[in-house]
Amino acid sequence: MIYQDSKPILQVHGLCATVNGIEILKDLDFTVKSGEVHAIMGPNGSGKSTFAKVLAGHTAYEVTAGSVLFEGKNLFELEPDERARAGVFLAFQYPIEIPGVANSQFLRLSYNTVQAQRGHEELDPLEFDDFVREKMKLLEMSPNFLDRSVNEGFSGGEKKRNEILQMALLDPRLAILDETDSGLDIDALRVVAEGVNQLATKDNAIILVTHYQRLLNYIVPDFVHVMEAGRIIKTGGKELAVELESRGYDWVGVENNATMALS
Amino acid sequence: MNTLASIPSPPAGLLETMLLGLPPLQSSPLPRINALRAEAVNRLDVLSLPTRRDEEWRFTDISPLKQLSLAPALSAPHLEAADIAHFYIEEATTRLVFVDGIHAPQLSSAASNGDVTVSNLAAVAASHAARIEAHFGRHAEFRDNVFAALNTAFLDDVAVIVVPRNVVLAEPVQLLFIATQKEVVSTPRCLVVAEAGSEATVIEDYVVLNQSGWQEEAHLTNAVTEIVLEDNARVNHIRVQREGKKSFHIANCAVSLGRSSNYQSVSVALGARISRYNLDVMLAEGAECALDGLALISANQLADTHTCIDHAQPHGVSRQLHKCIAGGSAHVVFNGKVKVRKGAQRTDSVQSSRNLLLTGKAHVDTKPQLEIFADDVKCEHGATIGQLDNDEVFYLKSRGLSDSVARSLLTYAFGAEIIERIPVASLKQRLAQVVFEQTSSQL
C-alpha cells in the first residue's frame, strides 16, 4: 500500500551487472518505499531474476556500475549474510535442498542469527518449536516439515511455502519473491499469496518478480514494472499487469520503442 | 645364483616378524578351526604384502605400515568397566568387548539362551559346533588375501552371534574392539549367523582407549567378519572405525544373503592413518542390500573402501551410497564393484559415490565398476567429486548465516546424510556430534 511520508527502503540508480562477462542489467533505476508492493514482470531473460540475486548478493553476478541504497546505506558494502541480517530477504525461485539438516534446525539457526543481530532474545528449541508452528499455520504447513531435511523431497509448492515461512520468521524489511508463483497450483498459490499478504505491513516492502499476472490477482501490487533487456521500460499500476496478460510483452516493447522514436 | 634372493620380498620383514610372534595357539575343540589355521599359515608362506602394483591396491600405498615392527598382541591390559563405559551404546543390552583383539569377559555382557547367542567362540564351540562349522571361514576368502590369511592364522577369540530361526532381536548387539597397546597386531574376528526369518542389529565398533598419549605410536588392527543371512533374515550392520590417527586398520567383511533376506550396512571410517575396508556381499534370489558408507578424514589420513556386490541370482536389489569428506592432504579411495551374473535377471542396482574435497591438497580416487552378464537388469551408477556448491552456500548466507557457519553446516549435512541412516538413536546422535565437530574444525 502507498503511504504518505513513507521512507525509501530501496534506491537503485544506474545499476549495471554482468554474469560471466555478459551484461544483464543495464542502467536500472528503481525505488521502493516502505509499505509498498512492487511487481517486476518481463519475459524470460529480461534480467528480473538477476536483479533479485544482485540485491541478495549472489557472487556469480558482478556489479559493474550504479548504486543501491538499502535504508540509505550502500548495500554493496554488505556480504549476503549481512544483508540478510540487515533485513533483505530473497525467496528463491529454486530453493536448495539440504539433506542431512533438519528443517527445524536450519530455521532456528537462521532465526536466532537474525534475532541476535537485532539485539533480540534467541529462542531455545522448545520455544522455537511453539513459535514456528504458529507461523506454519499461516501457510497451512504440516508440522512434519520441521523434522524433514531442508527442502529435501518437498514438492514445488512445499518448497515455496517453506520459503515464505522463512520470510515470516525473519521478518525482513525488504522481501524479494523470485517467481514464487511458478510451478504452484491454484490452491498453493492462494495459500502462499495469503501468507505474503499477512506479512505485508506499512514498515516493510515487497518486490514480486513474476512472469505471470496470475499471482497479482492475489497479491495486489501498488506498482507494476515491465523489465526488458536489463532495464525497466514501463511502470504503471496494477492494471498494467492485466494489460500485459492480454496483449503480451511485445506490446510494451513496441509501444516503448514508438515512444522513444517520437521523443 | 641370486635368482631366489632377487625375487622381490615386499614383506620386508613385517610378515615374518608377525609370524615369528605367532603364539602356540591352544587347539580348538572344533577341527575346522584348527584346519583353517594350519591352512592359513601355509598360505602365508606363499602370499606377500600387497604393493601398488596389485590391482586391488593400486590407489593405496601401505608402505608406512611395512616400515613398522609389529608383534601379535598376546595379552591385553586389564581394564575396568569405568575405563570404557563411555564407549557403551546404551540401547545394546548385550555386548562383547575385546581388548587388543582378546576377549574381555569381565567387560562383556554375553547372552546364551533360547533367543540368541552372543558369546566368545570358546564358550560356545561345543554347544554350537554345527552352526559354526557350517559357516566359519566359508565366506571370507583368505587363500589369496594376505590380511585375511594373517587373521585366520591367528584365530583365537571370535565374537559369535547366532540368532535362531524367526527370533527378532529388538535391541542391538555391540561388538566393541578396543585398541590399547602400541606396536601390536590385533586380530578381531566375528561370525554372525541370522537364521531363517530372524532379525538383528549388530554394531561393530573399533575404538582407541585414549585419544592422546601412546596413540602417537602405531598398531595394526586386522579384522575379519563373516555375516550369514539365511532365507528371509534381516540384519542391520553398523560398522564404526574410530581408531587412533597413527594406527593402521585393515578389515575384510563377507556377507552372504539367503533368499529374500535383507542386509543394511552403514560403515563409518573416521580414524586410522591408513584404513582399508573390503566389504563383499553376495545375494541369492530376491535378496536386498543397502550399503552406505562415510569416510571423514583429514591431515595425512587415507581411507580406502572396496566393496563388491555380487548379484548371483535373479531379482536381487542393491542400493549403495558411499560418501567421502577429505580435508588436509587426506586421500580417500572408493572402489565399488557391482557384479550381475549370468542368470541374475531382474537385478535392480543403484550405486552412487559422492566425494567432497575440503582443500586443494585432498585427494580422491573413486571407481564404480559394473560387470553385467545378464540382459534384463536395471543398473545405475555414478560418481561425483567436488567442493561445496556455491549456490548452497549462498542460500544459507541469504538466511543470515555467516560464510563459515554455512560451510560447516553443509559439510556436516553431507556426512550426516549417511549418519542419519543408522538405526540406533544414541549412536546416531554421538556420531552426528563427531561429524559436526570434525567438519567445523576443518573449516
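In region B:29-52, the condition of being surrounded by 14 or more Cβ atoms within 10 Å (Cβ to Cβ) and farther than 22 Å from residue B:155 by Cβ is met by at least one residue.
Residues that are of a type in the set (Asp, Glu) and in contact with a helix residue (DSSP H, G or I) (Cβ under 6 Å, 6 or more places away or on another chain) occur at least once in region A:77-96.
Do we have any residue at all in region A:36-55 that's farther than 24 Å from residue A:211 by Cα, of a type in the set (S, T, N, Q) and surrounded by fewer than 23 Cβ atoms within 10 Å (Cβ to Cβ)? No: region A:36-55 contains no residue that is farther than 24 Å from residue A:211 by Cα, of a type in the set (S, T, N, Q) and surrounded by fewer than 23 Cβ atoms within 10 Å (Cβ to Cβ). Restricting region B:405-417 to residues that are more than 8 Å from every other protein chain (Cβ to nearest Cβ) and surrounded by fewer than 24 Cβ atoms within 10 Å (Cβ to Cβ), the residue that is nearest to residue A:91 (Cα to Cα) is B:407.
Which of the helices (runs of 4 or more DSSP H) contained wholly in region A:97-206 include at least 3 residues that are among the hydroxyl-bearing types (Ser, Thr, Tyr) and farther than 30 Å from residue A:224 by Cβ? Spell out how you get there, then give the answer.
Numbers: elements: A:103-117, A:125-138, A:144-147, A:156-170, A:186-199.
In region A:97-206, the matching helices (runs of 4 or more DSSP H) lie at A:103-117.
Per the listing B:442, B:351, the residue uniquely away from every other protein chain (no Cβ under 14 Å) and modelled with pLDDT under 95 is B:442. Inclusion of residue A:99 among residues that are at the interface with chain B (Cβ under 10 Å from one of its Cβ atoms) and under 18 Å from the mean Cα position of the chain (by Cα) is not warranted. Residues that are touching a Leu at 6+ places or on another chain (Cβ under 9 Å) and among the charged types (D, E, K, R) within region B:177-194 comprise B:183, B:189, listed in sequence order. When the residues of region A:86-96 are filtered to those that are buried (at least 22 other Cβ atoms within 10 Å of the Cβ) and facing chain B (nearest Cβ under 9 Å), the one that is nearest to the chain's Cα centre (by Cα) is A:90. Against the numbered list (1) crowded, with 19+ Cβ neighbours inside 10 Å; (2) of a type outside the set (Val, Ile, Thr); (3) farther than 29 Å from residue B:200 by Cα, residue B:402 comes up short only at (1).
Inside region B:110-158, residues that are in contact with a helix residue (DSSP H, G or I) (Cβ under 8 Å, 6 or more places away or on another chain) and either assigned to a strand (DSSP E or B) or of a type in the set (Lys, Arg) (or both) make up a count of 4. Which residues, counting only those in region A:66-81, are of a type in the set (Gly, Ala, Ser) and either surrounded by fewer than 15 Cβ atoms within 10 Å (Cβ to Cβ) or within 14 Å of chain B (Cβ to nearest Cβ) (or both)? Correct list: A:67, A:72.
Does residue A:150 qualify as being in contact with a Phe, Trp or Tyr (Cβ under 6 Å, 6 or more places away or on another chain) and at the interface with chain B (Cβ under 9 Å from one of its Cβ atoms)?
Numbers: in contact with a Phe, Trp or Tyr (Cβ under 6 Å, 6 or more places away or on another chain): yes; at the interface with chain B (Cβ under 9 Å from one of its Cβ atoms): yes.
Considered against the rule, which asks whether it is in contact with a Phe, Trp or Tyr (Cβ under 6 Å, 6 or more places away or on another chain) and at the interface with chain B (Cβ under 9 Å from one of its Cβ atoms), residue A:150 comes out as yes.
Scanning region B:332-354 for residues that are surrounded by fewer than 23 Cβ atoms within 10 Å (Cβ to Cβ), free of Cβ contacts under 8 Å to residues at least 60 places away in the same chain and closer than 19 Å to residue B:418 by Cβ yields B:350, B:352. Scanning region B:351-398 for residues that are outside the structural domain of residue B:413 (by TED's automatic domain parsing) and among the hydroxyl-bearing types (Ser, Thr, Tyr) gives B:352, B:353, B:359, B:366, B:384. Scanning region B:421-435 for residues that are crowded, with 17+ Cβ neighbours inside 10 Å and either of a type in the set (S, T, N, Q) or within 11 Å of chain A (Cβ to nearest Cβ) (or both) yields a count of 3. For residue A:232, the test of being out of contact with any Gly (no Cβ under 8 Å at 6 or more places or on another chain), without any contact (Cβ under 8 Å) to a residue 60 or more places away in the chain and over 30 Å from residue A:123 (Cα atoms) is failed. For region B:390-398, the condition of being crowded, with 23+ Cβ neighbours inside 10 Å, in a loop (DSSP other than H, G, I, E, B), over 29 Å from the mean Cα position of the chain (by Cα) and within 11 Å of chain A (Cβ to nearest Cβ) holds for at least one residue.
If you go through region A:70-96 one residue at a time, how many are in a strand (DSSP E or B) and either farther than 23 Å from residue A:42 by Cβ or small (Gly, Ala, Ser) (or both)?
Step one: of region A:70-96, the residues in a strand (DSSP E or B) are A:70, A:73-74, A:88-91.
Next, only the ones that are either farther than 23 Å from residue A:42 by Cβ or small (Gly, Ala, Ser) (or both) stay: A:73-74, A:91.
Residues flagged as in a strand (DSSP E or B) and either farther than 23 Å from residue A:42 by Cβ or small (Gly, Ala, Ser) (or both) within region A:70-96 amount to 3.
In region A:12-40, the residues that are touching a residue at least 40 places away in the same chain (Cβ under 8 Å) reach residues that are part of a loop (DSSP other than H, G, I, E, B) and acidic (Asp, Glu) with C-beta atoms within less than 6 angstrom, at least six apart or across chains, in these pairs: A:34/A:203; A:36/A:222; A:37/A:222. Tallying residues that are more than 14 Å from chain B (Cβ to nearest Cβ) and either crowded, with 17+ Cβ neighbours inside 10 Å or touching a residue at least 60 places away in the same chain (Cβ under 8 Å) (or both) within region A:161-191 yields 9.
Can you find a residue in region B:211-221 that is part of a loop (DSSP other than H, G, I, E, B), at pLDDT 95 or above and under 25 Å from residue B:65 (Cα atoms)? Let's see the steps before the verdict.
Taking region B:211-221 as the starting set, the residues that turn out to be part of a loop (DSSP other than H, G, I, E, B) are B:211-212, B:217-219.
Narrowing the set further to residues that are at pLDDT 95 or above leaves none.
No: zero hits.
Quick check: anything in region B:53-60 closer than 15 Å to residue B:185 by Cβ, within 22 Å of the chain's Cα centre (by Cα), assigned to a loop (DSSP other than H, G, I, E, B) and at pLDDT 90 or above? Working first, answer last.
Narrowing region B:53-60 to residues closer than 15 Å to residue B:185 by Cβ: none.
Scanning region B:53-60, I find no residue that is closer than 15 Å to residue B:185 by Cβ, within 22 Å of the chain's Cα centre (by Cα), assigned to a loop (DSSP other than H, G, I, E, B) and at pLDDT 90 or above, so the answer is no.
Remark: residue B:364 falls outside the filter, which requires a residue to be crowded, with 17+ Cβ neighbours inside 10 Å, more than 25 Å from the chain's Cα centre (by Cα) and either closer than 30 Å to residue B:282 by Cβ or facing chain A (nearest Cβ under 8 Å) (or both).
The values are calculated or read from the model by the stated rules, or taken from the named source; none is laboratory data. Here the structure is a predicted model, which is why all the values come from computation and not from measurement. For neighbour counting, all protein chains shown are included, and Cβ atoms are generated from backbone atoms with ideal geometry for every residue, glycine included.
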